[in-house]
Structure formats: structure tokens, C-alpha cells
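Data block below; observations after.
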Amino acid sequence: MFPAMRFWFARASEVSIREQLVTQVILGILSDDLSPGQRLPSTRELARRFHLHPNTISAGYRQLERDKWVEFRHGSGVYVRSSKPEAASTPSLAVDQMIARLFRSARKLGVTLPQVRFRLRQWLELQPPDHFLLIEPDEELRRILAAEIARSVTFPVESCGLEDCQRAPEGGMPALLSNREAKVLELMPPGTDLLILQIRSVPTSLTGYLPAPSGALVGVASRWPEFLKVARAVLTAAGFHPDSLVFRDAGEPDWQRGLKETAAVVCDVLTAAELPSGLRSIPFSLLSEASVAELRRFEDYVRQPLELGHH
């Protein structure tokens, strides 16, 4: 007979049935609901009991075997290994171990699962954000801005488009350009705090490189089409002759062709890292200095109470 541990499978969950099985077995082992040497239900038994495809169960057991949680005994079945995996120091497994200890302690105290779930939800809602969530529908612009934010702060930076912001993991501080604010407010829950970012003034940022040197060939490179468009307008207005500007879409094949003949290449921070060695690059940061300062202030504000707690 299979022990008291019970399996549950949520068919409507975004987590696959295979991963649900794997996670439940690991938590069962970590919380001592499953003992070393204990036999797990057969593939056929689980498939019949929960109306699942046997291949799904087999795939879960094979993953558990590869990760050294269980072992197959020929002609006998699947058993919990006598020892836990040595490589049990991954962040995911550390979280699983904490969860297992939490539920084991809750059971000993007689705390019900709904009570644990309610208190966890309350506790999570009280936690300050632990990363920035950049929301931007333009994929190339999103990549550039995410890279700039990551260079300016120590918080992790995640990003998504407008259609995915509602499904983004909790715990992120939404950051977006001002022209996206109205749409994002429509999609996010009422009262959601937003960090509004501003784009840097292009003419102001290029002041140090003006007036335009006569006869100089200047390259402009980026994967973001708007970057190329704005650079063309600004540099032309600043006195650069159109024939002295070499534009390259960094998303196209052979985009670096001809750039070695230029005196310098104006580009975004991502493209700057892809330029051939020996080229003088003029990386242009899109985010304004005020926005960078705001991101850092928010990070300091969130970290401050955590640091004070150690004194």
C-alpha cells in the first residue's frame, strides 16, 4: 500500500502535470512524508487513479531518477533513495526545503492549509518589491532600457510587453516610459505604483561632440529603428552633412560593414558592446539622468529598512 501522503494534480494550472508530480515527491521526501526505501505508486496506478497519461508519470519518475531522488528496481518499482542528492544547494531546492519545513511545522501545530495560505498571502503582500519590472511593448527598446537599468542599479531587472504585464510574477516594481502610463494603468490593478521613466534629451547629450567636425565620417548603429531615425534628425540639424553619416541596423546581417572607416560610432549601450575592437564608440544612454536617479532612490528606499534591521 502507498503511504498516507496524497497526491493532488491541478489540470488547469500553468505548471505541467509532470512538474507537479516531481515537486510533490521532492517535498514529500524533504518533509519526511516519504521515507528512504519507500515504494512509490506505479505509473499505471497513478495514471488510472488520476486519469493521466502514463507517459507523463513516467517522464516525472525519470526526472526524479536523474536528479537522484528515486531509484528504479527492476521488476519491483520506483523507490525513494536511501540518501538525498548531494547537490541540494540550488536556489530552487533551498526554497523547496524551506516550504517543506514550513508545512511540517504547520501540521505539528495543527494549522490548516487554508490558514497557512491566507497568512502567506498576507505576508507576501507586505513585502517590498525585490526587482524592477520594465514594461515596454517595443522589443528592441525594451532590451536597451533593461540593459541601461541593470547597469545603474543592483536590483534584478525583468521585462515584459504590455500583453504580459498582468501575468508577470509578483514582487516587481513596474517601470515604464511616460507615454505608456495610461495603457499600463488600464491593465494593472487599481492603486498599483508605477515608476515613470523619461528619455534623455538627445541634443543635450551630444553637446560635447558638437560642433560637427568637417569631413569626419560618423557611424550610427542600433537595433532600434527609432534610434536611427532620431540620430539622423539630430546630427543633421547639428551640422553633420548627410553624406558623412553611415547608418547601420544592428539587427541586419553584416551590419558592421564599413564602420571601421568612421571616426566614431554613435550607438545604444547594447550595440556598443558588439562593435569591432578598435572602433571609437559614443554610447548614448536613452534614460535621463533624473530617471536613473529615481531608480536608485527607490532601490535605496526599499533596502534601507532591511539594512537597519541588522544594526
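We did not get these values from a lab; they are worked out from the coordinates using the rules stated. Since the structure is predicted, the reported quantities are computational estimates derived from the model, not experimental observations. As a convention, Cβ positions derive from the backbone with ideal geometry for all residues, glycine included, and neighbour counts pool all protein chains shown.
Percent of C-alpha pairs per 5 Å bin in segment 17-95, short distances first: 3, 15, 27, 27, 17, 7, 3, 0.
Taking other C-beta atoms within 10 Å as the exposure proxy, Met173, Met98, Met188 rank Met98, Met188, Met173 from fewest upward. Projected onto its three principal axes, the C-alpha set of segment 128-186 covers 29, 26, 17 Å, listed from the longest axis down.
Applied to segment 21-35, the Karplus parametrisation 6.51 cos²θ - 1.76 cosθ + 1.60 on θ = phi - 60° returns per-residue 3J(HN,Hα) values of 5, 4, 5, 5, 5, 4, 5, x, 6, 5, 8, 6, 6, 10, 9 Hz, with x for Gly and Pro. Sparsely packed loop sites in segment 3-52 (the trypsin sites (Lys or Arg not before Pro) outside DSSP H, G, I, E and B with at most 11 other Cβ atoms within 10 Å) comprise Arg6, Arg11.
Taking amide hydrogens as placed 1.01 Å from N in the peptide plane, the amide H of Val220 sits under 5 Å from those of Val246, Phe247, Arg248, Val266, each at least 5 positions away in sequence or on another chain. With θ taken as phi - 60° and the Karplus curve 6.51 cos²θ - 1.76 cosθ + 1.60 applied, the whole-hertz 3J(HN,Hα) list for segment 14-20 is 6, 7, 5, 4, 4, 5, 4 Hz, x standing for glycine and proline.
Computed from Cα atoms, the angle from the helix 54-66 axis to the main principal axis of the chain rounds to 80 degrees. Principal axis analysis of the Cα atoms in segment 1-160 yields extents of 57, 38, 33 Å, listed in decreasing size.
For GluC sites (Glu not before Pro), the sites in segment 213-311 that DSSP calls loop and that have at most 16 other Cβ atoms within 10 Å are Glu274. Note that segment 287-301 has calculated 3J(HN,Hα) couplings of 6, 5, 4, 5, 5, 4, 5, 5, 4, 5, 4, 5, 4, 4, 4 Hz, one per residue in order, obtained from phi through the Karplus relation 6.51 cos²θ - 1.76 cosθ + 1.60 (θ = phi - 60°); glycine and proline are x.
Counting only residues 5 or more places away or on other chains, whose amide H sits under 5 Å from the amide H of Ser31 once H atoms are built in the peptide plane? Result for Ser31 returns nothing.
Taking each DSSP H run with n ≥ 4 as -39500 (n - 2.57) and averaging over every residue of the chain yields -13000 deg cm²/dmol at 222 nm.
Entry for the chain at q = 0.08, 0.09, 0.10, 0.15 Å⁻¹: log10 I(q)/I(0) = -0.60, -0.71, -0.80, -1.16, Debye formula applied to identical alpha-carbon scatterers, no solvent contribution. Taking a straight Cα-Cα cut-off under 18 Å and skipping sequence neighbours fewer than 8 places away in the same chain, the aspartates and glutamates within cross-link reach of Lys84 are Asp32, Asp33, Glu65, Asp67, Glu71, Asp96.
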